[in-house]
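Read through the structure below, which is laid out as structure tokens, and then see the notes.
Laboratory data are not the source of any read-out in this text; all were calculated from the coordinates shown. Fair warning: this is a prediction, and the values are worked out from it, not measured in the lab. We place every Cβ from the backbone using ideal geometry, glycine too, and count neighbours over all the protein chains shown.
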């Protein structure tokens with residue numbers, strides 16, 4: 001009853017060799033660590049499947065592959081919690097037909113866009129039918145253009161009415177501004193997270209991550225939604241997600 005939808009990417013971190021990335025991959029890592037039952041619905045260019053598919057499927061979760069012509073590509077560098085990111089190639093846009101690849105019995109869905117172009121409003125609306133949906137807010141503010149990553153607030157705010165949980169990194173929250181969603185989770189890297197739900201705001205602390213933090217936000221979001229799907233309340237879900245990320249990157 002839990003699924004993740006999102007594109008894979010090929011990433012280069014600090015000039016290293018290309019490696020698998022994307023919200024669906026890092027979400028799968030977290031879900032595997034939790035022992036959660038979930039399906040990953042994802043895509044990449046056919047020419048990249050031989051490189052990406054074995055690494056994702058090695059995590060042990062069922063994967064449904066959609067056909068694709070393009071794979072998103074990014075390069076990163078870090079100065080502590082501060083990340084510099086370049087968009088090297090833009091991935092596929094998910095259509096209404098793609099949304100129908102999600103099983104009808106899925107009740108919680110983690111939508112993991114990499115750029116604003118990944119999931120248009122009409123696709124989000126289709127995905128949310130009969131479901132609770134966590135949207136990673138990087139898909140609201142990241143401009144779909146090649147070059148240094150740019151954030152702006154030029155998104156259709158109608159998308160928010162389809163969202164149960166909105167997860168934002170702090171720099172994304174600064175761009176998005178005030179939102180009206182049932183649950184809001186803002187992450188601050190080693191500063192932990194802020195959960196706003198049921199009329200209250202609660203800070204959940206975290207520890208500094210000793211390793212490359214690429215994918216930490218994706219893993220946090222997946223562990224959060226898995227915990228919510230299992231019946232945990234929002235703050236407890238954020239604590240569980242924090243523990244999972246710390247374990248993965250220890």
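Taking 48, 69, 79 in turn, the Gaussian network model of the chain (Cα-Cα springs below 10 Å) assigns the largest fluctuation to 79. Along the Cα-to-Cβ line of residue 88, 7 Å from the Cα, sits a label point; which residues in the range 1-43 have backbone N less than 15 Å from it? Only 8-22 fall inside the zone, counting backbone N under 15 Å. Restricted to Cα atoms, the range 172-233 shows a radius of gyration and a Dmax of 12.4, 35 angstrom. Listing 178, 198, 118 from fewest to most neighbouring C-beta atoms within 10 Å gives 178, 198, 118. In the chain, the DSSP beta bridges split such that about 45 percent are antiparallel, to the nearest 5.
By the helix-only formula, in which each DSSP H run with n ≥ 4 contributes -39500 (n - 2.57) and the sum is divided by residues, the chain has a 222 nm mean residue ellipticity of -8000 deg cm²/dmol. Between residue 67 and residue 201, what length comes free when the chain is fully extended (0.36 nm per residue of separation minus the Cα-Cα distance, one decimal in nm)? So the extension gain works out to 44.1 nm.
By the count of neighbouring beta-carbon atoms within 10 Å, fewest first, 90, 40, 10 end up ordered 90, 10, 40. Shape of the chain from the C-alpha gyration tensor: rounded (a/c under 1.5, with a ≥ b ≥ c the square roots of its eigenvalues). Overall form of the range 1-74: oblate. Here a/c, set by the Cα gyration tensor axes a ≥ b ≥ c, is 1.5 or more, and a/b is not larger than b/c.
Mean projected area of the Cα convex hull of the range 1-148, taken over all directions, amounts to 8.7 nm². Ranked for footprinting exposure by Cβ neighbours inside 10 Å, fewest first, 224, 78 give 78, 224.
For residue 97 and residue 53, a Förster radius of 22 Å and the Cβ-Cβ distance give a FRET efficiency of 0.50, rounded to the nearest 0.05. Taking a ≥ b ≥ c as the square roots of the eigenvalues of the Cα gyration tensor, the range 78-198 is classed as oblate, since a/c reaches at least 1.5 and a/b does not exceed b/c.
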